[in-house]
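Asker: My structure is below; once you've seen it, I'll send some questions.
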Amino acid sequence: MENVGLPKSLRPRPYWLQYICSYIVFLLGICIAKIRVNGRHNLPSEGPIVLTSNHFGYFDPFLILYAIKRPIDFIMQKDLGIEPYFLWAPMIYGAILTDRNKVGPSIIKDSMKSIKNGKILGIFPEGGITSPVLTKAKPGAIYLASLSKAKIVPISVRGASSAWDNIFKGVRSRVTINIGKPFGPFDISGSKEEKNKKIEKASNEMMCRIAALLPEEKHGEFIGDSKISIYKKENRIKTI
């Protein structure tokens, strides 16, 4: 079944509505999978936060909400669309729509508004479901985190890619969500060339921190990076 386009008028919903939705997601999570959450203590209790996660399956946003238990304004790629039977979720919960190849003024405005209103900003830095293993990040996550002076919290979701199919087989998938230690904020000031270099360096660190929360076979383009083992020791979370 082909993906359908997202409505251009889609916007983040009020905090209270998203808060109610989080309880619905909690019940859905119990029904669709056996979920284990590690590292919840790493989530800062205050201050601006940008969550960055791998994106291997359509259930990932639901599972991140289940793990965090706080309203999150997710940034969605409007050019990729969404499978029809998942369209109800962003319609009810809301989202910030963006073009995965650039960060436009409206995205910046909506993102800063969300953070100012006390919400967490959720970003899939690779630009949507692009691969079953990690790929390079788009610049948007680091740029928005720097602009809002937010801490970045890396998250990994594993085991959710087959959850939807398994439901119809009467099987609850085993899903593991790991929450890593926060890092940042970043300063990307300087000339255009300096900014690009800083964003590239910070993006590499971000993806290596996500990789440190996943088993090696999921590291993709970052496999063998020496920084991953350092971040694993910091997190003290098993990834097997």
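Asker: If you take the residues of the range 14-60 that are touching an Asp or Glu at 6+ places or on another chain (Cβ under 9 Å) and farther than 20 Å from Ala212 by Cα, which of them is modelled with the highest pLDDT? So that I can check it myself, show each step before the final result.
Answerer: Residues of the range 14-60 touching an Asp or Glu at 6+ places or on another chain (Cβ under 9 Å): 18, 53-55, 58.
Okay, now just the ones that are also farther than 20 Å from Ala212 by Cα, so 18, 58.
Values: Gln18: 84, Tyr58: 81.
Here the residue is Gln18.
Asker: Then there is this: Spot the failing condition for Val50; the list is (1) more than 19 Å from Gly118 (Cα to Cα); (2) assigned to a strand (DSSP E or B); (3) out of contact with any Ser or Thr (no Cβ under 6 Å at 6 or more places or on another chain), and only one is missed.
Answerer: (1)
Asker: Given the criteria under 19 Å from the mean Cα position of the chain (by Cα) and under 11 Å from Leu134 (Cβ atoms), does Lys181 qualify?
Answerer: On the way: under 19 Å from the mean Cα position of the chain (by Cα): yes; under 11 Å from Leu134 (Cβ atoms): no.
For Lys181, the condition - under 19 Å from the mean Cα position of the chain (by Cα) and under 11 Å from Leu134 (Cβ atoms) - is not met.
Asker: Here are the criteria: (1) touching a residue at least 24 places away in the same chain (Cβ under 8 Å); (2) small (Gly, Ala, Ser); (3) out of contact with any Gly (no Cβ under 9 Å at 6 or more places or on another chain). Tell me which single one Ser189 does not satisfy.
Answerer: So the condition that Ser189 fails would be (1).
Asker: Among the residues of the range 152-181, how many are part of a strand (DSSP E or B) and buried (at least 19 other Cβ atoms within 10 Å of the Cβ)? Spell out the reasoning first.
Answerer: Of all residues in the range 152-181, those part of a strand (DSSP E or B) come to 152-158, 173-179.
Checking which are buried (at least 19 other Cβ atoms within 10 Å of the Cβ) leaves us with 152-158, 173, 175-179.
Residues flagged as part of a strand (DSSP E or B) and buried (at least 19 other Cβ atoms within 10 Å of the Cβ) within the range 152-181 amount to 13.
Asker: Related question: Quick one: in the range 182-194, of everything that is surrounded by 17 or more Cβ atoms within 10 Å (Cβ to Cβ) and farther than 17 Å from Ala67 by Cβ, which residue is modelled with the highest pLDDT?
Answerer: Going through the range 182-194, the residues surrounded by 17 or more Cβ atoms within 10 Å (Cβ to Cβ) turn out to be 182-186, 188.
Narrowing further to those that are farther than 17 Å from Ala67 by Cβ: 183-186, 188.
Details: Phe183: 96, Gly184: 89, Pro185: 90, Phe186: 91, Ile188: 91.
So, considering only residues that are surrounded by 17 or more Cβ atoms within 10 Å (Cβ to Cβ) and farther than 17 Å from Ala67 by Cβ, the one modelled with the highest pLDDT is Phe183.
Asker: Follow-up question, since we're still on this one. Cβ-Cβ distance below 7 Å, separation of 6 or more or different chains: which pairs start in the range 15-32 with a residue that is over 19 Å from Gly118 (Cα atoms) and end on one that is surrounded by 13 or more Cβ atoms within 10 Å (Cβ to Cβ) and of a type in the set (Lys, Arg)?
Answerer: Ile32/Arg172
Asker: Which pairs turn up if I take residues in the range 169-180 that are farther than 30 Å from Glu234 by Cα and look for partners that are of a type outside the set (A, V, I, L, M) and assigned to a strand (DSSP E or B) with beta carbon separation below 9 Å, at least 6 apart in sequence or on another chain?
Answerer: From residues that are farther than 30 Å from Glu234 by Cα, the pairs are Arg172/Lys34.
The values are calculated or read from the model by the stated rules, or taken from the named source; none is laboratory data. As the structure is a computational prediction, the values presented were derived from the model and not from experiment. Glycine also receives a Cβ, built like all others from the backbone with ideal geometry; neighbour counts cover every protein chain displayed.
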